[in-house]
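Just below is one structure, and these are the notes that go with it.
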Amino acid sequence: MTIGSSAKFQSVGKHNSLHPTCRALLDNSYPDPWEMSLVEARREFQRHKRDISGPIPSIRSIETVHAEINQRQVPITLYRPRVDKALPLAIYIHGGGFVIGEHDFYHAQCARVANAVDCIVASVGYGLSPEHRFPQPLEDCRLAYNWLLKEHEWLGIKVDNVAIYGDSAGANLAAALGVLATQGVIPAPQMIWMIYPVTDMLARTESREKYSKGFGLDESHMRWYRDQYLADSADAAKILASPGRMSGSTAAAFSPTLIQTAGFDPLKDEARELAELLYKAEQLLSYTCYEEMTHGFINAFDLLTESQMAIDEGIRWLRKYIT
């Protein structure tokens with residue numbers, strides 16, 4: 001299958017028209033994360049996610065296991081729609097700037113995907129920064145990935161039917177895992193789904209400038225998150241921190257990829273640039289910009305039709321590639 005020739009660059013919604021619900025959410029301002037303790041910032045982020053995502057869909061089981069290698073434990077929450085047979089696996093890597101998200105803040109979204117795809121969704125609790133700086137969060141994701149495949153029999157996982165997906169910082173880590181797969185460090189997933197990924201820690205794009213303040217993810221926030229994540233400024237240019245800097249040959253070996261962005265997101269342009277790189281390498285499935293949305297819209301199930309549309313788009317590709 002030649003992917004690039006059939007890949008789509010598409011838009012949903014009116015260009016340069018901010019959705020009124022997104023505007024209302026932006027008007028409900030939240031304190032900057034550095035104005036609180038880390039505990040308070042993470043609690044505030046959890047409350048926000050709970051408020052916009054709505055109730056958790058009914059699902060057969062939600063349980064947390066722990067990947068353990070070399071005395072390092074990584075929690076993984078498993079969302080399982082059934083227990084009567086082995087199922088495909090979608091590994092989810094959460095956002096939150098590497099700092100304020102937690103793997104168990106996303107019950108509603110993970111349960112939706114697991115039920116709709118008929119797969120196990122595994123949400124990885126990688127170590128947060130600044131307690132755990134680059135590359136430890138990525139190493140935790142690699143550890144969890146390999147552990148899930150190694151323990152597939154008792155976990156009920158179909159080991160050859162695996163995808164990775166993530167949003168924002170989690171999409172950065174998903175892309176970095178994709179780079180590791182091209183290097184033979186981990187088995188290649190059947191596909192990767194990136195939701196408004198941060199792809200370049202040093203990006204200077206039009207969208208970063210245009211939406212630098214007042215659209216939910218300010219430039220000051222991104223700088224602060226980056227400073228918490230990277231112990232050394234020189235790390236910013238490394239491909240595993242900035243996977244959008246991958247070479248054409250790496251892109252050619254990359255897994256088939258879906259990329260979704262928001263029209264009023266400072267990360268929009270760098271996501272588009274990665275999509276174009278993967279398109280040229282014939283590894284892009286689709287690039288979709290939800291034009292009226294802002295960063296973080298994917299979990300607003302109770303408030304935005306576009307959130308449901310974006311999740312449904314990812315579900316369609318997961319069904320195609322891992323079921």
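The values are calculated or read from the model by the stated rules, or taken from the named source; none is laboratory data. Here the structure is a predicted model, which means the values were calculated and not measured. Note: ideal-geometry Cβ built from the backbone for every residue, glycine included; neighbour counts use all protein chains shown.
Structure notes:
- Restricting the first member to the range 263-290 and to residues that are farther than 24 Å from Ser307 by Cα, and the second to residues that are part of a loop (DSSP other than H, G, I, E, B) and of a type in the set (Ser, Thr, Tyr), the beta-carbon pairs closer than 6 Å and six or more apart or on different chains are Glu282/Thr2.
- Odd one out for Ser11 among (1) outside any loop (DSSP other than H, G, I, E, B); (2) surrounded by 15 or more Cβ atoms within 10 Å (Cβ to Cβ): (2)
- Per-region count, the range 266-291, residues assigned to a loop (DSSP other than H, G, I, E, B), out of contact with any Leu (no Cβ under 7 Å at 6 or more places or on another chain), within 29 Å of Asp218 (Cα to Cα) and not aliphatic (A, V, I, L, M): 1
- Only listed residue being more than 30 Å from Asp235 (Cα to Cα), β-branched (Val, Ile, Thr) and under 17 Å from the mean Cα position of the chain (by Cα), chosen from Val113, Val99, Val65, Val124: Val113
- The sole residue among His94, His107 that is under 14 Å from Asn299 (Cβ atoms) and buried (at least 23 other Cβ atoms within 10 Å of the Cβ) is His94.
- Within the range 133-149, not a single residue is within 21 Å of Asp312 (Cβ to Cβ), crowded, with 17+ Cβ neighbours inside 10 Å and out of contact with any strand residue (DSSP E or B) (no Cβ under 6 Å at 6 or more places or on another chain).
Yes/no matrix, rows are residues, columns are (1) surrounded by fewer than 24 Cβ atoms within 10 Å (Cβ to Cβ); (2) under 20 Å from Arg319 (Cα atoms); (3) basic (Lys, Arg):
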{"residue": "Leu258", "(1), (2), (3)": "no, yes, no"}
{"residue": "Glu273", "(1), (2), (3)": "yes, no, no"}
{"residue": "Gln283", "(1), (2), (3)": "yes, yes, no"}
{"residue": "Glu291", "(1), (2), (3)": "yes, no, no"}
{"residue": "Phe297", "(1), (2), (3)": "no, no, no"}
{"residue": "Asp302", "(1), (2), (3)": "yes, no, no"}
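- Any hit, the range 299-322, residues being more than 25 Å from Asn115 (Cβ to Cβ) and either in contact with a His (Cβ under 8 Å, 6 or more places away or on another chain) or not acidic (Asp, Glu) (or both): no
- Any hit, the range 136-154, residues being in contact with a Leu (Cβ under 6 Å, 6 or more places away or on another chain), in contact (Cβ under 8 Å) with a residue 24 or more places away in the chain and in a loop (DSSP other than H, G, I, E, B): no
- Test: residue in the range 297-320 that is touching a helix residue (DSSP H, G or I) at 6+ places or on another chain (Cβ under 6 Å) and assigned to a strand (DSSP E or B): no
- Residue in the range 34-75 that is farthest from Gly97 (Cα to Cα), counting only those that are surrounded by 17 or more Cβ atoms within 10 Å (Cβ to Cβ) and of a type in the set (D, E, K, R): Lys49
- Matching residues, the range 155-173, being in contact with a Gly (Cβ under 8 Å, 6 or more places away or on another chain) and part of a strand (DSSP E or B): Ile164, Tyr165, Gly166, Asp167
- Residue that is modelled with pLDDT of 95 or more and polar (S, T, N, Q), where the choices are Ser58, Ser53: Ser58
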